Structure formats: structure tokens, C-alpha cells
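The block underneath contains the structure these notes are about, expressed in C-alpha cells.
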Amino acid sequence: MSPLVRRAAVVFAAGAALLSGFAVHGGAQAQERAADASASVAAEAATLREAAAAHGKFVGTAVADGRLGNSTYTGIAGSQFSSVTAENVMKWESIEPSRGSFSFAAGDRLVDFAQSHDQQVWGHTLVWHSQLPDWVRNGGFSPAVLTQVMNNHITTVMDHYEGDVAYWDVVNEAFNEDGSLRSSVFSDTLGQGFIAEAFRTARAADPNAKLCINDYNTEGLGAKSNGLYNLVSSLLSQGVPIDCVGFQSHFILDSIPSSLQANMQRFADLGLELVITELDIRITLPADSSELQRQGQQFASVTNTCLALDACKGVTVWGFGDADSWVPGVFDGQGAACLYDNNYQAKPAFDAMLTALGGTPGGGDPDPDPGDPPGDCRATYTVTNRWNAGSVVQVSIVTDSALSGWSVTFSLPSGRITSGWNAAYAQSGTSVTATNVSYNGSVGAGGTLSFGFQTDSGAQYATPTVSLNGEACSA
Ligand code: G3I
């Protein structure tokens, strides 16, 4: 890892600490000024990350490695979120599929993505009973050897990402629903002591990374969160280095625990950082508009809980597009659990979460991709197929501003449009106007609209200038 890379991570952490530290330690007037400034920054914010930053919080998403080639996906991931978690590629089965053989390429891709978008990386996860390769699960190792295997995994992975990963889920999902310790190769072989061992090893590997324990169904007061609370209290009293608790928050519509804040507060009172690490809210399909509205209110309510607690440093959603979510594959007939729909169009949940953070859906005019040249839109005009009497064209436009309705113009020097999809077409001579149809007029800031058409000409021509709502886009 380069010094530049290390510096980027440290600067990010320092910035976050400054923001939250100012609010906590400043005098009353300074706090008021800070609150006013935050409110006005947030009010102009059209992206989640800007609005959250005004509160000194981060907003994150799980990122699927397989989607990093999709520009719509990366446009949203890079512009809306200030933290990214590897959905799968930093898990044990991906990173150490056979003993002592480490594979970092996919994790490194995420780190590169994060660094080019000024994002924090959340490491997920070091010690977990699931997505664990057979050589560990069924290895039949003695306690001494399994300890060495576990510690070697933690140390090698954390060394590799030292300075790049700000937080690690060191231990994931260690509890049963009744609050007892879950059976796994780790607990069965090493007893509960594997947890303290893992945290001590992690601190030694990267003293600057924040070390977390992460679980689901621990969000409200109850048997499982009591088990977690008792364990964490006991670890702290033994001096085990643990910095934070992750509340995964895989919720069901209308079932957000009413004790979420009270439960988080008791962990905050232990002096720990708290993070909502994997938020989604699933709905029985098909989701109707009233359910989508309620889902928005519930994303907002979880966000508000985090805002209400100084100890809560951020909210990460477990993927942002409904089509990418793990939910439909695991819960038959359920889904629509994310902020964006199957076509990466912002849902009411996105607007509600942004509003909860103090931002304005469609407000401001941020540049979602600071690396890009200035401009409100970037267009890709691709002739995907051409033959002697026809061609097929696909157009995608990334917009920096949120849209409610769009009209795209360009010229087609040769031929006429014979059919099209995802837009209504009007052609006058060489001038073409493509207008949104009922289902794709609303596009969030940083989102992408796309449409395509077929023509009756196979002639070659230079890529035309594409304008969105009257403004020329950069190519
Ligand atoms: O990589 C293989 C691929 O080679 C194979 O062809 C394909 C066939 O099914 O499977 C691929 O693996 C899948 C893997 O995701 C990577 O895409 C697994 O089947 C699939 O089960 C796995 O699901 C992941 C799940 O964890 C596994 O436990 C989800 O994507 C991921 O969102 C989910 O995330 C977990 C968190 O890590 C912990 N908290 C709960 C959360 C939701 O389950």
C-alpha cells in the first residue's frame, strides 16, 4: 500500500473526527453556529453523502464487485455514498480460499474505487461462520492450530489493507436468537474466547483501524441484543480492544423495532461507536405505492435514530438497487428493499432518507463525480449494431441534477428511427427528440437515464452532440 493511499484514509478519518469533535466539544455558541452551518449545507445537499457529512456522519453502501463495470451503478455508488463495504469479496472464502493462499484482487478493486471517489472503506468481515471455506470449517484443527489459522487470516488481511480500511467487522454474527453463543467451528473449538483473541490480534495487526462486532436482530432490546451487550461489556472490562458495534438492520416493512434508539443508547453508554451497517427494508412483492411511502418513512426513521446519537457514526445500506439485493434470493416473494428500484431510479426511500439528513431531493447542483469534467450531464452514444440498411443505438446519460421528466435532443444525419425503447421519439428532418416515458422520468442526482432505438440506415456518422433538457452534455 502506497503512502499516498495511507494518507488518503488518514485524512478522511481526521475529517470525520473533526466534524463530530467540533459539535461535541465546542462552546454553546460555537455549537449553534456549527448547527446553523450544518443545516444550511445539508439543506442544499442533493446527495446523501453531502447531507450526512454536514452532520459529521457517513452514509455507506455495500458494493457488489460484479457491478463495478456498470456505469449507472458506479455513478450512484460514487456520488451518493461516502463509505463502501465489500458485499462479498473481503470474506474469508474469497480472500483465503485455501490455506495460506490469499487473493486480494477483488478487494483491491473496491479500495481503488473508494479512493478515486474519496470514500471510506469498511472491511467485512474477518471471522464469520458463513462464507467460510471448507478447509477451515471442516479442517478438524486442534484449538492451537485453529487459533493460529484464525490469527494468520486476521493479520494477513489487515496488514494488506492497513491504512486503506477504516473499520473492520472483526467478528460477525456470533449469537443465536436467544442470546447464547452460536455454534461454529470457532466457538465449538475455542469457546467464547475466540472473540477476545480475534480482537486482540486485530488491534496488533492495524492499531489505527476501528474494530467492530456486527450482528443482525440485535437492533432492538431483547434476548439477542442482551447477549451481545453482556459480551461486549465483559470484553471491555477485560480490556479487550473493541471500538464499535454494528447493527446490521435487515428490516421488514412496518417492523422496525421501537426500542432501536434505547438499545443503541445502552451500547453508546459503554463508550462505543455505533453504526447501522447493512440497512434494508424488505416488502412482500409486489410493493404498492403506500408500502413504498411507508418504507421511505422507515428509512428516514432509522436515519433519524443515528442522527440523534453522537455515538452513531453512519448508516450503510446493504446495496442500493433492488435488483442487486440479496433479499429476493433468500426470502421468497420479498424484495424492493433498497433506495433505488430495479432500474436504478430513486424510490421514495431515497428522497425520505435524504430529507431526514436535511438534504433536498433534486436540490443543489453537486458534481457527483469530482474526477469528471464540469457539466451537468455526460452522455454515451453507442452504435451497438450496424448493417447495410439499419443500426441500433443505445444512449445513456449521467445527470448531476435530479430530474422529474427529461427531453434529450441530438441529430441523426442519416436515416429515420423505426422503433425504440425507454423513450418516446419525435423526428423532424435530422433532429430527434427523445422524451421520457411514464416509468423513467424521475432520475436522482447522479443517476443515469438510458434509452435506445433502431434506424433504417447503416451509414456511418460522427457521434452527435447530445443535449439533456436543452443543455449539451459532455461525451
Ligand atoms: O460467487 C459465487 C459464484 O461463483 C456462483 O456461481 C454463484 C451461484 O449461486 O454463487 C456465488 O456466490 C454467491 C455470493 O453471494 C457472491 O455473489 C452466493 O451464492 C450467495 O449465497 C452469496 O450471498 C451473499 C450472502 O451474504 C451470503 O451469506 C450476499 O450476496 C450478501 O449480500 C450477503 O450479505 C450478508 C452479510 O455478509 C452479513 N449479514 C447478512 C447479509 C445478508 O445475508
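The values are calculated or read from the model by the stated rules, or taken from the named source; none is laboratory data. Predicted model only: the values in this text are computed from it and were never measured. Backbone-built Cβ (ideal geometry, glycine too); neighbour counts: all protein chains shown.
Brief remarks on what is shown
- Tabulated pairs, the range 413-431, first without any contact (Cβ under 8 Å) to a residue 12 or more places away in the chain, second assigned to a strand (DSSP E or B) and not β-branched (Val, Ile, Thr), C-beta under 9 angstrom, 6+ apart or interchain: Ala426/Ala434; Gly429/Ser411
- Test: Asn152 is within 16 Å of the ligand (Cβ to nearest atom) and of a type outside the set (A, V, I, L, M, F, W, C): no
- Qualifying residue in the range 375-397 (condition: at pLDDT 85 or above and either assigned by TED's automatic domain parsing to the domain that holds Ala352 or in a loop (DSSP other than H, G, I, E, B) (or both)): yes
- Residue in the range 281-302 that is crowded, with 20+ Cβ neighbours inside 10 Å and either modelled with pLDDT under 95 or closer than 20 Å to Leu211 by Cβ (or both) present: no
Here's the yes/no breakdown for (1) of a type outside the set (A, V, I, L, M); (2) assigned by TED's automatic domain parsing to the domain that holds Asp169; (3) under 14 Å from Thr316 (Cβ atoms); (4) touching a residue at least 12 places away in the same chain (Cβ under 8 Å):
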residue	(1), (2), (3), (4)
Gly66	yes, yes, no, no
Ser71	yes, yes, no, yes
Ser83	yes, yes, yes, yes
Asn88	yes, yes, no, yes
Glu93	yes, yes, no, yes
Arg99	yes, yes, no, yes
Ala106	no, yes, no, yes
Arg109	yes, yes, no, yes
Phe113	yes, yes, no, yes
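- Residue under evaluation Leu354, criteria (1) surrounded by 22 or more Cβ atoms within 10 Å (Cβ to Cβ); (2) within 22 Å of Tyr439 (Cα to Cα); (3) in contact with a Phe, Trp or Tyr (Cβ under 8 Å, 6 or more places away or on another chain), criterion not met: (3)
- Restricting the range 414-471 to residues that are in a loop (DSSP other than H, G, I, E, B) and among the hydrophobic types (A, V, I, L, M, F, W, C) leaves a set whose member that is farthest from the chain's Cα centre (by Cα) is Ala459.
- Picking from residues in the range 86-112 that are within 15 Å of the ligand (Cβ to nearest atom) and over 30 Å from Val145 (Cα atoms), the one that is surrounded by the fewest Cβ atoms within 10 Å (Cβ to Cβ) is Arg109.
- When Ala349 is tested against (1) surrounded by fewer than 24 Cβ atoms within 10 Å (Cβ to Cβ); (2) over 14 Å from the mean Cα position of the chain (by Cα); (3) not polar (S, T, N, Q), only condition (1) is not met.
- Restricting attention to the range 95-112, the residues that are out of contact with any Ser or Thr (no Cβ under 7 Å at 6 or more places or on another chain) and either closer than 21 Å to Val275 by Cβ or part of a helix (DSSP H, G or I) (or both) total 7.
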